[in-house]
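Below is one structure; the comments refer to it alone.
The values are calculated or read from the model by the stated rules, or taken from the named source; none is laboratory data. This structure is a prediction, so every number in the text was calculated from the model and none was measured. Quick reminder, even Gly has a Cβ in these numbers, built from the backbone with ideal geometry, and neighbours come from all protein chains shown.
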Amino acid sequence: MTVVEILRLLYFSESPKTSVELTKFLKNRGVDVDSRTVRYHLSRLEERGFIKRLGRKGVKLTERGVNEVRRLLVYERIGIPSVEIEKLITNSDYDINKNKGKVMVNAIMVPKDKYDLVVPLLLEVSKTNVITSPLLAILDEKESIWHFEVKEGHVGILGISSRTYDIIFQKNGICLQSTATGLYQLENNTPKGFVEIISHLGTTISPGELLIRGSYTSVHKVASTGSGYVTAAIKTFSSFLYEEVIKILEKLKKNNIDGIVAHSCIIPENKRLNVMDKNKGYIVVYGGANYFAPIVETGISKKLEIARDLYDIQKMKEPEKVLK
């Protein structure tokens, strides 16, 4: 149990932790051990390749360690929101009125020798309305956010996730729930509706990530012809808050965060996923990962991660200013 708790604490920490810090955190979790015992477990974890030491800064998980924790905590990561998403929502400090602070981002890693192929794809998609925001940020090799570290010879690209809506609404007193994500059809740039839907209730992997990696989307085709399939998310809220929801959506549009397909005060009976939806309104928003879908669809990179971490929106810029 002590080892699992150490791994859990390191997984949810964005910075390295010393044995003294881990000992304190363990006591808060109800595990009363001394720092000597913690150091012993850290040595064993290092031997197994789960952690690496960073001198006096402490220790952090290796890629192998991250994968091990995700396996150990797989049942805790099920549902809406998962413990990972809860962490990100809690830590975000985004201010909708000032358009400052950290928003949730998606990330993709691409080889540097294929970067020139990526630029025109992103520029083309940025001109559509099937993304959450056109803003982007670039990470060079060895740079990282949480457990996403750009490997040597690669470039990391960050884009705003549609999960940012969950953060913003919660910070403004409205419980917005991402209930499902699906495959959404467009024809001649006209929204036609969902053709497939995946509930968030029983999955540990983002449904949007599954649809894009599974080659169900055709965002590249949508960007060039106006017809094809993209991802979109269904988010619900208490219907009596509808007017407040509209006000927030209007502010977000001014902040270059949009991608709304539809919204309503009441979910129509034929679109309710459960009996609790009777008193709820909903918004349908295009998935932020649609931005990176063409990179996956063309086979340039499969290293896509949705709702990976938080990133300062002021460091993100229009694609023309970032893609060089």
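For (1) within 23 Å of ILE295 (Cβ to Cβ); (2) in a strand (DSSP E or B), each residue gets a yes or a no:
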site	(1), (2)
GLY156	yes, yes
GLN170	no, no
THR181	yes, yes
GLU196	yes, yes
LEU210	yes, no
If you go through segment 124-131 one residue at a time, do you hit one that is closer than 28 Å to THR190 by Cβ and touching a Ser or Thr at 6+ places or on another chain (Cβ under 6 Å)?
no
State yes or no: is GLN177 surrounded by fewer than 24 Cβ atoms within 10 Å (Cβ to Cβ), among the polar types (S, T, N, Q), touching a strand residue (DSSP E or B) at 6+ places or on another chain (Cβ under 7 Å) and at pLDDT 95 or above?
no
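Each row is one residue, and each column tells you yes or no for (1) touching a Lys or Arg at 6+ places or on another chain (Cβ under 6 Å); (2) β-branched (Val, Ile, Thr); (3) free of Cβ contacts under 8 Å to residues at least 60 places away in the same chain.
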site	(1), (2), (3)
ARG36	no, no, yes
LEU42	no, no, yes
ARG48	no, no, yes
GLY55	no, no, yes
TYR75	no, no, yes
ILE96	yes, yes, no
ASP113	no, no, yes
VAL118	no, yes, no
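So that you can scan it fast, the table gives a plain yes or no per residue for (1) farther than 15 Å from LEU7 by Cβ; (2) surrounded by fewer than 13 Cβ atoms within 10 Å (Cβ to Cβ):
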position: LEU42; (1), (2): no, no
position: GLU46; (1), (2): no, no
position: GLU68; (1), (2): no, no
position: LEU72; (1), (2): no, no
position: VAL83; (1), (2): no, no
position: LEU88; (1), (2): yes, no
position: SER92; (1), (2): yes, no
position: LYS98; (1), (2): yes, yes
position: GLY101; (1), (2): yes, no
For segment 40-87, how many residues are in a helix (DSSP H, G or I) and among the β-branched types (Val, Ile, Thr)?
4
Counting only residues that are free of Cβ contacts under 8 Å to residues at least 24 places away in the same chain and not basic (Lys, Arg), which one in segment 142-169 is surrounded by the fewest Cβ atoms within 10 Å (Cβ to Cβ)?
GLU152
Yes or no: segment 32-39 includes at least one residue that is of a type outside the set (Asp, Glu), loosely packed, with under 13 Cβ neighbours inside 10 Å and in a helix (DSSP H, G or I).
yes
